[in-house]
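Trainee: Mind looking over this structure? Questions follow.
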Amino acid sequence: MESSRLPVTIVGAGISGVACARVLAAAGIPVELVDRGRRVGGRMASRRHQGRPADIGASYFTVSDPAFEEVVARWADAGLAQEWTDTFGVVSGADEGRTTTSGPVRWGTPSGIRSLVEALAVDLPVRGATEVQRVSAEDGLPTVDGRSARAVVLAMPDPQARRLLDEDAHPRAAAGLTAAYEAVLALTAVYPERCWEELPDGLFVNDDPVLGWIADDGRRRCDAAPVLVAHSTDSHARPHLADPPAGGPSMLEALTRYVAPSLDPVHTAVHRWTFAKPVAGRPERYLLTDTGVAACGDSWSDRPRVEGAWLSGTALGHALVERLG
C-alpha cells in the first residue's frame, strides 16, 4: 500500500491519544486508535456500581489554556462537565488538625470523567480490547505487530511505551521515554447513606503511609450519592500491585479514621494503577522521531494533569500534520 494511504496508528485511547487523533482526522489524515481496554478513557476512568459511575482515575481537571478552555466550554454546554470547587481540605497523618487550601476551580463530570474522552472520540475509528505486543519497523516504516503505519503514536506512560518498542529499530524513541511514574491503588467505598459529618469535597492527606487523597464522589458528581473514593500513596500501592484487594483493608481503616462514617460500606472495590501519575513533568510537549515513532501524554507537560495530556496530544497532532502534509 502507498505509504500516504496508511493510517497513523495511535496506541492508547486516553485523552492525549484521542486529542492527537482528533487533529489528524480533521486534517484528512487516516488514523486508527488501538487500546487494550474495551472503552476509551485510559486513566480518566470510571467504574459503575448499580449503574452509577464513580471516578477512580483522574479526580478532576483544571483549565488555564485558552484552547483547552474552548473544549471545556463545549463539554459544559453539553452537560458533560461542571465547575466543582476551588477549595479542598488538608489533613495530616500526624494529627495536626484539618485546614483548607484554595486554588483554581476544579471541574467535575456528572456522567463520570470517562465521558469526556468518549465525547472527543465520537466518529473516530477505535479498535478496543487489543493488546499491542511490539512496535518495530519494516521497509522504512514503523509497524505495530507487523502492520505498517505512516507513523505510530505511543499515548501512554513511558514505562508502558518502552516495553512495546523495538529499541534497535527506534533508538531515539527508546532513549526519550524516561519519565518515572508513581503507583496508586484507588479504593471505592459505597455506603448505605451519607453517614459522615460535613467535610470538604476532597481531602489532601499528608504524612500518612497509606492514603494521599480522598474525594467525596457524591459532591463531585453533584448527586449526593454516599460514595467516597480514596487514593493510596505510592509506598502503599507498590507492595500490593500483584494483589490489589489485599491493600484495601488498611485503606478503608485510614479512610474511616479521616472521614468517620457511622456505618460500614455496603460495597468496596480496589483498582490498581501501576503507572498512575508522573513523578515530574518536563518542558517538551511531545516526542517525535525520524523513524516515525512519537509519544504524548501527561508527562509531556510542565505540570502533569488532564489539561497537560490534552495539550500534549493536540500539539503532537499538529506536528504530525505538518510533517505528513
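The values are calculated or read from the model by the stated rules, or taken from the named source; none is laboratory data. All of these numbers come straight from a predicted model, not from anything done at the bench. Because the Cβ atoms are built from the backbone with ideal geometry, glycine has one as well, and the counts that use them run over all protein chains shown. All accessible areas refer to the heavy atoms of the entire protein, side chains included, with ligands and DNA or RNA removed. Shrake-Rupley method; radii C 1.70, N 1.55, O 1.52, S 1.80 Å.
Trainee: Can you name every residue in the range 280-294 that is among the basic types (Lys, Arg) and free of Cβ contacts under 8 Å to residues at least 40 places away in the same chain? Break it down into steps so the answer makes sense when it comes.
Mentor: Narrowing the range 280-294 to residues among the basic types (Lys, Arg): 282, 285.
Matches in the range 280-294: ARG285 only.
Trainee: For residues that are part of a loop (DSSP other than H, G, I, E, B) and hydroxyl-bearing (Ser, Thr, Tyr), scanning just the range 165-202, find the one that is surrounded by the fewest Cβ atoms within 10 Å (Cβ to Cβ). Please lay out each step first, then the result.
Mentor: Of all residues in the range 165-202, those part of a loop (DSSP other than H, G, I, E, B) come to 166-170, 177-180, 191-201.
Next cut, hydroxyl-bearing (Ser, Thr, Tyr) only: 178, 191.
Values: THR178: 11, TYR191: 20.
Here the answer is THR178.
Trainee: Could you tell me how many of the residues in the range 85-97 are over 24 Å from VAL63 (Cα atoms) and surrounded by 13 or more Cβ atoms within 10 Å (Cβ to Cβ)?
Mentor: From the range 85-97, those over 24 Å from VAL63 (Cα atoms) are 91-97; that's our starting set.
Filter once more, so that each one left must be surrounded by 13 or more Cβ atoms within 10 Å (Cβ to Cβ): 91-93.
Qualifying residue count for the region: 3.
Trainee: For ARG114, indicate whether it is within 23 Å of ILE56 (Cα to Cα) and buried (at least 20 other Cβ atoms within 10 Å of the Cβ). Steps first, answer last, please.
Mentor: Working: within 23 Å of ILE56 (Cα to Cα): yes; buried (at least 20 other Cβ atoms within 10 Å of the Cβ): yes.
So ARG114 fits the description; yes.
Trainee: Would you mind stating whether VAL270 is at negative phi, of a type outside the set (D, E, K, R), open to solvent by 60 Å² or more (accessible area, probe 1.4 Å) and touching a Pro at 6+ places or on another chain (Cβ under 8 Å)?
Mentor: Working: at negative phi: yes; of a type outside the set (D, E, K, R): yes; open to solvent by 60 Å² or more (accessible area, probe 1.4 Å): no; touching a Pro at 6+ places or on another chain (Cβ under 8 Å): yes.
Against the criterion (at negative phi, of a type outside the set (D, E, K, R), open to solvent by 60 Å² or more (accessible area, probe 1.4 Å) and touching a Pro at 6+ places or on another chain (Cβ under 8 Å)), VAL270 does not qualify.
Trainee: Also, quick follow-up: Any residue in the range 43-54 that is among the charged types (D, E, K, R) and within 15 Å of GLU307 (Cβ to Cβ)?
Mentor: Looking for residues that are among the charged types (D, E, K, R) and within 15 Å of GLU307 (Cβ to Cβ), one finds at least one in the range 43-54, hence yes.
Trainee: Wholly within the range 215-325, which strands (runs of 3 or more DSSP E) include no fewer than the required count, namely at least 2 residues that are touching a Gly at 6+ places or on another chain (Cβ under 9 Å), within 21 Å of ARG106 (Cβ to Cβ) and not β-branched (Val, Ile, Thr)? Step through it out loud before you land on a result.
Mentor: Values: elements: 227-232, 267-278, 293-296.
Of the strands (runs of 3 or more DSSP E) lying wholly inside the range 215-325, those with at least 2 residues that are touching a Gly at 6+ places or on another chain (Cβ under 9 Å), within 21 Å of ARG106 (Cβ to Cβ) and not β-branched (Val, Ile, Thr) span 227-232, 267-278.
Trainee: Let me ask another. When the residues of the range 80-95 are narrowed to those that are without any contact (Cβ under 8 Å) to a residue 60 or more places away in the chain and in a loop (DSSP other than H, G, I, E, B), which ends up farthest from VAL210 (Cα to Cα)?
Mentor: Initially, the range 80-95 is screened for residues without any contact (Cβ under 8 Å) to a residue 60 or more places away in the chain, giving 80-81, 83, 86, 95.
After this cut, where a residue has to be in a loop (DSSP other than H, G, I, E, B) as well, the list is 80-81, 95.
Working: LEU80: 32, ALA81: 30, ASP95: 14 Å.
Residue satisfying both the conditions and the ranking: LEU80.
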